[in-house]
């Protein structure tokens, strides 16, 4: 009666993907609405200010002659009112991380925390298929939405960039424009998902994932982005704001000169130095201390990344982000399979 | 062979329902057996009546269906009821007809013998004749044994001398 | 055919063995009661049965040879976990739809009919249902999957007596109509005689008792002897001893078909509750020899 017969052939059909699509849709309904609302609100702000900017920009372009007082004034006011960082910029920069983590972390963490995994993972579909059906569409969805938003930010920025007021490479916007926005959201999602399976609680998962995301974002902005391609150097005194300045120092005869030495020369020439700010008053008939330096053979070297490398950098950054996100999602599935009740 | 009993309409529910006394210490299946016997004794159940369907007993008492089946099998074993596949379990006999276990075994043996006789080609009359003659032989032989033991004259059946 | 078979099954968490050396063969078409103190291996066994936990050693196969947790096992086993976890914000109708989409086999009309019979509206949110209604919902969803094995983890613990009765009646009816097998983990020892065919007792991480209830009740006796003349009983394994100055009671399990009793000892039958408590209170992890053939 209890003879161990060989296991009968598997006659179980797997659950069809289109059935799971309903499950995915139902799970993400609220997240989708929330995300769209947030993005829409920000989009409205961007569109409104973008239109204002374009109007001012067009007026500025039309102003002639360019050297007149009036046009100078227009120029100044354009830079002042549109060139500075809007109050929303920090928010927008964190946005891909926030959206990604909040979409990804609760997915599995909530099941584990509330105990509903005892229902979900004992259904015929099995936990792996279930996880695939939930994680992959979610990851792609949040990336796509954020990517669209990133395009909008690009559009918004465009007059400033064309006019040379700001650089597309600047840290305050780079990660929330173009393709990088999508990739950063994807990373947030993957970090959230992995944290969710690891912590089994929503709050610690969200917190950990966001801290990790923020850490990576900081490292990318501060260190990595400067080095995707070898920076260029120039001795020109004025660098177009379209380019992103990394570092600046003085040399004489090819050898780097310390800032203290430069500062003492400038002070001798009448400049006031406090901290990083150098105030130079050129009195009538007096000499500009900077010109004195230059005439003595000192050269200012600026290390920078040209603005034209924007798209190259976007693809490089998105590239490693996607690879990292894929690895994290892989780890999520691996951990999920091993997760004991 | 069987008297044409009035077969009760299957759609009619059973005349009795079971109750359970969980504190009595009596096993559940035995309580069911006892309730059927009690109902027979008091006339609530008559031959031809259907016992409650297993599904209904289980739904109302929340007991294991195997327990109900065990009880019904016990009643069959006692000769009180029999199951008809697809239709349910029906009362066969009144308690007055209750057979002792030995008689039940004998009855079963007889049924088997009848089946053999049937397959050997004997019809009802031939079987009857065979039975009668063998019974007579057997009785005579036994009377002889008994008489030998007690020294009383043997009285033969059938008057064969 | 057996519905569950385990060989040397064990599960370790860190350095502690939650369950060890479990060799079980559970019969089909029966209700198997799984009892044991909390934290003594019962939940671990259940979790491995439904595929939520992997064994550390040994094997567990279900439904005639499929490894627990495999697609065939998941398809044929329906699980109602403790506290019946359901998505609180989903309506009853949504839960039906969800279960439909997570399974190949699902009889939605059967689930709907049953819920309508019970007066549970499909528009109600699952979290707003009463305890009894939630239990019935979870059970209806499980049975609508037409499983071959239904696994219930203390399903009636939070229910009032009427709800409990209705719940078990539904389970029993499914056994009668569809021939499903049931594994029921329960603390309600009093009702097991009425409801269970087979008993598995897990204590201190080991299977202490495994057999048909009738056999087990026949095998266990309470022997009472005067303390002064107490001596070893041949053919019996002593489960628990309690003694006073005058009397000694021993709960024993007969390991031989006929066990001789001393003349001054009395023997009586024990019920499931007494039997179980005896094992719970004395969980020395010695595996007991299985005695077959002693039955009414």
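The values are calculated or read from the model by the stated rules, or taken from the named source; none is laboratory data. Treat the numbers as computed from the prediction; the structure is a model and nothing was measured. No Cβ is skipped: glycine too gets one built from the backbone with ideal geometry, and neighbour counts run over all protein chains shown.
Remark: residue C:187 falls outside the filter, which requires a residue to be touching a residue at least 40 places away in the same chain (Cβ under 8 Å) and within 12 Å of chain B (Cβ to nearest Cβ).
Okay, residues lined up against (1) surrounded by fewer than 21 Cβ atoms within 10 Å (Cβ to Cβ); (2) under 30 Å from residue A:15 (Cα atoms):
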residue: A:127; (1), (2): no, yes
residue: A:133; (1), (2): no, yes
residue: A:142; (1), (2): no, yes
residue: A:146; (1), (2): no, no
residue: A:149; (1), (2): no, no
residue: A:158; (1), (2): yes, no
residue: A:162; (1), (2): yes, no
residue: A:166; (1), (2): no, no
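Taken as a whole, the range A:282-298 holds no residue that is part of a strand (DSSP E or B) and at pLDDT 85 or above.
Among the residues of the range A:110-118, is there at least one that is closer than 28 Å to residue A:142 by Cα, at pLDDT 90 or above, touching a strand residue (DSSP E or B) at 6+ places or on another chain (Cβ under 8 Å) and surrounded by 18 or more Cβ atoms within 10 Å (Cβ to Cβ)?
There is at least one residue in the range A:110-118 that is closer than 28 Å to residue A:142 by Cα, at pLDDT 90 or above, touching a strand residue (DSSP E or B) at 6+ places or on another chain (Cβ under 8 Å) and surrounded by 18 or more Cβ atoms within 10 Å (Cβ to Cβ).
Counting the residues of the range A:171-196 that are within 10 Å of the chain's Cα centre (by Cα) and buried (at least 19 other Cβ atoms within 10 Å of the Cβ) gives 13. Applying the criterion of at least 2 residues that are free of Cβ contacts under 8 Å to residues at least 24 places away in the same chain to the helices (runs of 4 or more DSSP H) found wholly in the range A:66-175 leaves A:69-78, A:89-114, A:117-120, A:127-163.
Applying the condition of being away from chain B (no Cβ under 13 Å) and assigned to a helix (DSSP H, G or I) to the range C:140-182 and asking which residue is farthest from residue C:74 (Cα to Cα) yields C:140. Within the option set C:256, C:273, C:193, C:237, being surrounded by fewer than 21 Cβ atoms within 10 Å (Cβ to Cβ) and within 14 Å of chain B (Cβ to nearest Cβ) holds for one residue only, C:273. Right, residue B:39: modelled with pLDDT of 90 or more and buried (at least 17 other Cβ atoms within 10 Å of the Cβ) or not? Spelling it out, it is not the case that residue B:39 is modelled with pLDDT of 90 or more and buried (at least 17 other Cβ atoms within 10 Å of the Cβ). Within the range C:223-233, the set of residues being exposed (fewer than 12 other Cβ atoms within 10 Å of the Cβ) and closer than 24 Å to residue C:210 by Cα is empty.
Would you mind telling me which numbered condition in (1) more than 23 Å from residue C:162 (Cα to Cα); (2) modelled with pLDDT of 80 or more residue B:53 fails? Failed condition: (1).
Just checking, which of A:333, A:313 is surrounded by 14 or more Cβ atoms within 10 Å (Cβ to Cβ), in contact with a helix residue (DSSP H, G or I) (Cβ under 7 Å, 6 or more places away or on another chain), within 29 Å of residue A:256 (Cβ to Cβ) and away from chain C (no Cβ under 14 Å)? Write out each step before concluding.
Numbers: A:333 fails: within 29 Å of residue A:256 (Cβ to Cβ).
The unique qualifying residue is A:313.
Please indicate, with yes or no, whether at least one residue in the range C:220-228 is outside any loop (DSSP other than H, G, I, E, B), under 27 Å from residue C:6 (Cα atoms) and at pLDDT 90 or above.
Just the residues of the range C:220-228 that are outside any loop (DSSP other than H, G, I, E, B), to begin with: C:220-228.
Still in the list and also under 27 Å from residue C:6 (Cα atoms): C:220.
Pick out the ones that are also at pLDDT 90 or above and you get C:220.
Within the range C:220-228, one or more residues are outside any loop (DSSP other than H, G, I, E, B), under 27 Å from residue C:6 (Cα atoms) and at pLDDT 90 or above.
Take the conditions in contact with a helix residue (DSSP H, G or I) (Cβ under 6 Å, 6 or more places away or on another chain), within 12 Å of another protein chain (Cβ to nearest Cβ) and surrounded by fewer than 19 Cβ atoms within 10 Å (Cβ to Cβ) and apply them to residue C:110. Does it pass? Spell out the reasoning first.
Values: in contact with a helix residue (DSSP H, G or I) (Cβ under 6 Å, 6 or more places away or on another chain): yes; within 12 Å of another protein chain (Cβ to nearest Cβ): no; surrounded by fewer than 19 Cβ atoms within 10 Å (Cβ to Cβ): yes.
No, not satisfied.
Do we have residue B:60 as within 12 Å of another protein chain (Cβ to nearest Cβ), modelled with pLDDT under 85 and either in contact with a helix residue (DSSP H, G or I) (Cβ under 6 Å, 6 or more places away or on another chain) or within 26 Å of residue C:213 (Cβ to Cβ) (or both) here? No; evaluated as a whole, the condition is false for this residue. Checking each residue in the range B:16-47 for being under 13 Å from residue B:75 (Cβ atoms) and within 14 Å of chain C (Cβ to nearest Cβ) picks out B:18, B:29, B:30, B:31, B:32, B:33.
Do we have any residue at all in the range B:5-15 that's assigned to a loop (DSSP other than H, G, I, E, B), within 14 Å of another protein chain (Cβ to nearest Cβ) and closer than 26 Å to residue C:168 by Cβ? Reasoning before the result, please.
Step one: list which residues in the range B:5-15 are assigned to a loop (DSSP other than H, G, I, E, B), which gives B:5-15.
Then drop every residue that is not within 14 Å of another protein chain (Cβ to nearest Cβ), which leaves none.
Taking every residue of the range B:5-15 in turn, none turns out to be assigned to a loop (DSSP other than H, G, I, E, B), within 14 Å of another protein chain (Cβ to nearest Cβ) and closer than 26 Å to residue C:168 by Cβ.
Could you pull out the residue among B:61, B:75, B:45, B:20 that is within 29 Å of residue C:32 (Cα to Cα), crowded, with 16+ Cβ neighbours inside 10 Å and touching a strand residue (DSSP E or B) at 6+ places or on another chain (Cβ under 6 Å)? On inspection, the qualifying residue turns out to be B:75. Just one of the numbered conditions (1) touching a residue at least 60 places away in the same chain (Cβ under 8 Å); (2) surrounded by fewer than 15 Cβ atoms within 10 Å (Cβ to Cβ) is not true of residue A:199: (2).
Yes/no matrix, rows are residues, columns are (1) within 13 Å of chain A (Cβ to nearest Cβ); (2) surrounded by fewer than 17 Cβ atoms within 10 Å (Cβ to Cβ):
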site: C:1; (1), (2): yes, yes
site: C:24; (1), (2): yes, no
site: C:37; (1), (2): no, no
site: C:47; (1), (2): yes, no
site: C:63; (1), (2): yes, no
site: C:86; (1), (2): yes, no
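Listed by position, the helices (runs of 4 or more DSSP H) inside the range C:54-128 whose residues that are farther than 23 Å from residue C:9 by Cα number at least 3 are C:92-101, C:108-118.
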